[in-house]
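One structure is given below, encoded as structure tokens.
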């Protein structure tokens, strides 16, 4: 089981977190076409390599984290608090 | 000449057991002062403490232990350790017990698995004669058509398959988990593992030393006097280090990301098996080597065994493995086996030195070995054939760490590739190379110090001396048939046939023949299988490669994976009252709630005619404070919140960005910047995370502070025409219709308890007040309501009555009347959804949903025959008999005296007044009228009084 380096709690088991998903901007609801909106909802890059994603430290500090992780190796390159940008 | 007088002569006496126990041996692990009775297939036997089931039977002269998986061939001991494929037993109600590892306990009832009518006269051994039926890949070839017969095939095959019997009753078995954070885990407690553990501990590391056997020592345990001396010294060193925790009868089952190491521990008193989840800073892999069987015709006969098996029997258990032996040896360990046999009084008829191209061609016998055919064309009478033809490095943990072992032709084995191993994994001992015990210890000592250094993240690396495998002849198969996989009954011929049929990669051969897929999981047979595939394809072993070694390394019980049975539940503070008053418990997520107190219909009538109270503590409650709360509410709810006045309550629905209904509830404004949000009981945690998600990731600039207060309050709904009368007796809040109208919120005291929140809302459709009181006073307030309202006939009601009441009012329940595809307009909240807002979560999808206008509708349903309650999930049919929807809620209405419901139905059939067909689960069709949602009091007059 991989460890995630929580900026507040330190390295913790991945099961303490909820995987929220790949991070991406929400399109403007006033102007987005259905295709753009559904691309945002359902079509993710799912790369074999570095990806920016959101994790929620559910069983810990209950903060949402912006994580950059390599999906091929599970190496976490950075993990910061989504709201404050605080890093460890 | 009669060399084997007592075991070979005709009739039943042919296999009459001869005691094989030797006099005391220097390294024996048995306690001769005591004997333990046990039974095998109903017959009484004895063992000494320390004996395994297999060693005790071998000591009693029992050679035939089991029948093989597919052909039901007679099998005896092969490895005499945990892996032994000939020694799987049923012990009591526990199947698949590793009989050459499990220690005998007094009174054990041991039986052979899957033999009928008996081990000796197995009817299914006829499979040996019906070879074509069980040809290579026979599952794929035989059980293709006709499909309807598959269940029959399964039923018949089950009777033939090698497996024990399980009981659905777990009995007194107790399983557990443990979490550990050692600096270093050492997998394997042989000389290398012990030395590495000692060195790591002396360097300051906390160490877990994990050994599969019941004692530390590895092969030293069954070695010579020098080995035993080294063993005593190493054991003393381990015992002297307080930083080492030794886990025997335990096995590292797998290595996962970031050195998460699973350990199945079986030697804890009172615990059948414990799964240790260890997060190791460094993992040292020191499993030693596994002796490899040799493939030749007759290689599975009882009496054919590995040199390590013979040495274990002699030196650990003081059991003579046979009377007259032929030994094929290609290495010093095999030579040591010859010496051990001679010392044990076994007549060694011939030693075939494979280093000089001598060897076995075939073994002959029925039910047991009789003669050995050799390369120099001799036929030697023997009841024991010992082979020492090479070693397999059990590289599983290294593979799981990213290593890809490479084949070393010189030593005829796969060796680790250190360059591919991650920083936090090291290998020690014979898995790396061969050496004297002293050199192994020196190597492992350096590895242990390096492991401790890496755990501490110090900078100066330890120099680890080089260890190289010794040269060894490549010996895999004599080319005369025989078995490759003893567990799965896969023969050499099966492998070559599979290749001939086109399965030319080792991974394909594995799946087609099931080679390496049995209980030993390739540890004995992989390299032989690879060698046979290589020979059949004309490729080299290195080119052929091995199959992947995945976790788990050794079987783990489901019980250990599950761990200690504990399931947290939540109760409201009023639970003691509910229990005293006969509430039927309802499991609602984590909560245990009263479903009813005996008669839900009577509870409904009490609410409609008088007053009832219900414990609604599980309702989710979030305290929201800050100037930007209205922004948040506007974003998360589909309706508008900007102008909610202080003291007002509003109902809202939340959708996700795909437009699907997420949750609903009411939010009240308690003060200028202070709100209390309620959620569904099941959605409390989800909505909290949802709110935090939007605040933290999308709008960190908003000034909103969220506090979950679900269990800070006990919540009670007081409902019914006399609810005002009841509550007014206990509160200082003015409940008059003018001062405290419908959909308003007030704060005040109830039954002397300050800081209560009261909202006037109407889920049941009656005049009702939902009061939230500090949780510690919940039971007090509840009891005060019951006693104060006795003259009003106040009645407690449960979740079932509430469901009926809300259904009579046509209120939908998220997740019951909506599902994972129900977008907002499907739920019938058209009036609530404000598409003219600039933004809210789900806005675009809801806009498109309405534009398409093709969505199913939530409608009220009334069976024409009001005595029939169509079960929830009954299907609504269209005119051609297709599915046009389903009943989502249905109950008998005590108020109307007829059945009512809610359902989702295709737009074309959703018009009010339509009659549609509903198919009941029993196949009957009934006619149902489509109605408005609301069945009782459509004007809402009752709740607004």
Query - Residue identified as on the phi < 0 side of the Ramachandran plot, surrounded by fewer than 15 Cβ atoms within 10 Å (Cβ to Cβ) and within 14 Å of chain A (Cβ to nearest Cβ) among B:627, B:568 - result: B:568
Requested in this report: Look at region B:852-868 and say how many of its residues are buried (at least 22 other Cβ atoms within 10 Å of the Cβ) and within 11 Å of another protein chain (Cβ to nearest Cβ).
Outcome: 0
Query - Test: residue in region B:518-540 that is surrounded by 18 or more Cβ atoms within 10 Å (Cβ to Cβ), touching a helix residue (DSSP H, G or I) at 6+ places or on another chain (Cβ under 7 Å), touching a residue at least 12 places away in the same chain (Cβ under 8 Å) and part of a loop (DSSP other than H, G, I, E, B) - result: no
Query raised in the report: Are any of the residues in region B:831-851 more than 14 Å from chain A (Cβ to nearest Cβ) and either surrounded by 13 or more Cβ atoms within 10 Å (Cβ to Cβ) or touching a helix residue (DSSP H, G or I) at 6+ places or on another chain (Cβ under 6 Å) (or both)?
Result: yes
**Report entry** So residue A:38, is it touching a helix residue (DSSP H, G or I) at 6+ places or on another chain (Cβ under 7 Å) and either part of a loop (DSSP other than H, G, I, E, B) or at pLDDT 95 or above (or both)
**Finding:** no
Query raised in the report: Looking only at strands (runs of 3 or more DSSP E) that fall completely inside region B:840-907, which ones have 1 or more residues that are in contact (Cβ under 8 Å) with a residue 60 or more places away in the chain and under 21 Å from residue B:820 (Cα atoms)?
Result: B:857-863, B:883-893, B:898-905
Query raised in the report: For residues in region B:59-69 being buried (at least 24 other Cβ atoms within 10 Å of the Cβ) and over 16 Å from residue B:118 (Cβ atoms), which is modelled with the highest pLDDT?
Result: B:59
**Report entry** Positions within region B:576-588 being surrounded by 14 or more Cβ atoms within 10 Å (Cβ to Cβ) and under 14 Å from residue B:799 (Cα atoms), in sequence order
**Finding:** B:578, B:583, B:584, B:585, B:586, B:588
Query raised in the report: Just checking, which of B:904, B:849 is over 22 Å from residue B:806 (Cα atoms) and touching a strand residue (DSSP E or B) at 6+ places or on another chain (Cβ under 6 Å)?
Result: B:849
Query raised in the report: Restricting the search to region A:2-11, which residues are surrounded by 16 or more Cβ atoms within 10 Å (Cβ to Cβ) and facing chain B (nearest Cβ under 10 Å)?
Result: A:2, A:3, A:4
Query - Residue ID - surrounded by the fewest Cβ atoms within 10 Å (Cβ to Cβ), chosen from residues in region A:12-27 that are more than 9 Å from chain B (Cβ to nearest Cβ) and in contact with a helix residue (DSSP H, G or I) (Cβ under 9 Å, 6 or more places away or on another chain) - result: A:25
Requested in this report: Test residue B:289 against the criterion of being under 36 Å from the mean Cα position of the chain (by Cα), surrounded by fewer than 23 Cβ atoms within 10 Å (Cβ to Cβ) and away from every other protein chain (no Cβ under 14 Å), and give yes or no.
Outcome: yes
Query - Qualifying residue in region B:671-686 (condition: away from chain A (no Cβ under 14 Å), over 41 Å from the mean Cα position of the chain (by Cα), buried (at least 22 other Cβ atoms within 10 Å of the Cβ) and outside any helix (DSSP H, G or I)) - result: yes
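Listed here are the residues, each with its yes/no results for (1) under 19 Å from residue B:621 (Cα atoms); (2) buried (at least 20 other Cβ atoms within 10 Å of the Cβ); (3) touching a strand residue (DSSP E or B) at 6+ places or on another chain (Cβ under 8 Å); (4) at pLDDT 95 or above.
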residue: B:742; (1), (2), (3), (4): no, no, yes, yes
residue: B:768; (1), (2), (3), (4): yes, yes, yes, yes
residue: B:772; (1), (2), (3), (4): yes, yes, yes, yes
residue: B:776; (1), (2), (3), (4): yes, no, no, yes
Report summary line: Given (1) outside any helix (DSSP H, G or I); (2) facing chain B (nearest Cβ under 10 Å); (3) out of contact with any strand residue (DSSP E or B) (no Cβ under 8 Å at 6 or more places or on another chain), residue A:48 misses just (2)
Report summary line: Of the residues in region A:73-88, those that are assigned to a loop (DSSP other than H, G, I, E, B) and away from chain B (no Cβ under 11 Å) come to A:86, A:87, A:88
Query raised in the report: If you check B:283, B:231, which single one turns out to be surrounded by 23 or more Cβ atoms within 10 Å (Cβ to Cβ), in contact with a helix residue (DSSP H, G or I) (Cβ under 7 Å, 6 or more places away or on another chain) and more than 19 Å from residue B:427 (Cα to Cα)?
Result: B:231
Query raised in the report: Out of (1) farther than 18 Å from residue B:690 by Cα; (2) surrounded by 13 or more Cβ atoms within 10 Å (Cβ to Cβ); (3) free of Cβ contacts under 8 Å to residues at least 40 places away in the same chain; (4) within 12 Å of chain B (Cβ to nearest Cβ), what's the single condition that is false for residue A:42?
Result: (2)
Query - Looking only at region B:489-514, and only at residues there that are in a loop (DSSP other than H, G, I, E, B) and over 17 Å from residue B:72 (Cα atoms), the one that is modelled with the lowest pLDDT - result: B:504
Report summary line: Of the candidates B:37, B:95, the one satisfying the condition of being under 37 Å from the mean Cα position of the chain (by Cα), modelled with pLDDT under 95 and not in a loop (DSSP other than H, G, I, E, B) is B:95
Report task. Being away from chain A (no Cβ under 14 Å) and surrounded by 23 or more Cβ atoms within 10 Å (Cβ to Cβ) is the filter here, so list the residues in region B:633-648 that pass it. Result -> B:633, B:637
Query raised in the report: Of all residues in region B:778-798, which are surrounded by 17 or more Cβ atoms within 10 Å (Cβ to Cβ) and more than 21 Å from residue B:732 (Cα to Cα)?
Result: B:795, B:796, B:797, B:798
Requested in this report: Spot the failing condition for residue A:30; the list is (1) within 12 Å of another protein chain (Cβ to nearest Cβ); (2) free of Cβ contacts under 8 Å to residues at least 24 places away in the same chain; (3) surrounded by 14 or more Cβ atoms within 10 Å (Cβ to Cβ), and only one is missed.
Outcome: (3)
**Report entry** From the options A:62, A:58, residue that is on the phi > 0 side of the Ramachandran plot, touching a helix residue (DSSP H, G or I) at 6+ places or on another chain (Cβ under 8 Å) and within 11 Å of chain B (Cβ to nearest Cβ)
**Finding:** A:62
Requested in this report: Restricting attention to region B:766-776, report how many residues are part of a strand (DSSP E or B) and within 46 Å of the chain's Cα centre (by Cα).
Outcome: 5
Report task. Return the total of residues in region B:690-732 being within 11 Å of chain A (Cβ to nearest Cβ), touching a residue at least 40 places away in the same chain (Cβ under 8 Å) and in a loop (DSSP other than H, G, I, E, B). Result -> 2
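A quick yes/no check of all residues on (1) assigned to a loop (DSSP other than H, G, I, E, B); (2) more than 21 Å from residue B:577 (Cα to Cα); (3) within 14 Å of chain A (Cβ to nearest Cβ):
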position: B:755; (1), (2), (3): no, yes, no
position: B:764; (1), (2), (3): yes, yes, no
position: B:778; (1), (2), (3): no, no, no
position: B:783; (1), (2), (3): no, no, no
position: B:791; (1), (2), (3): no, no, no
position: B:804; (1), (2), (3): no, yes, no
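The values are calculated or read from the model by the stated rules, or taken from the named source; none is laboratory data. Computed from a prediction, not measured in an experiment: that's the story for all the values here. Heads up, the Cβs are rebuilt from the backbone with ideal geometry, glycines too, and the neighbour counts pull from every protein chain shown.
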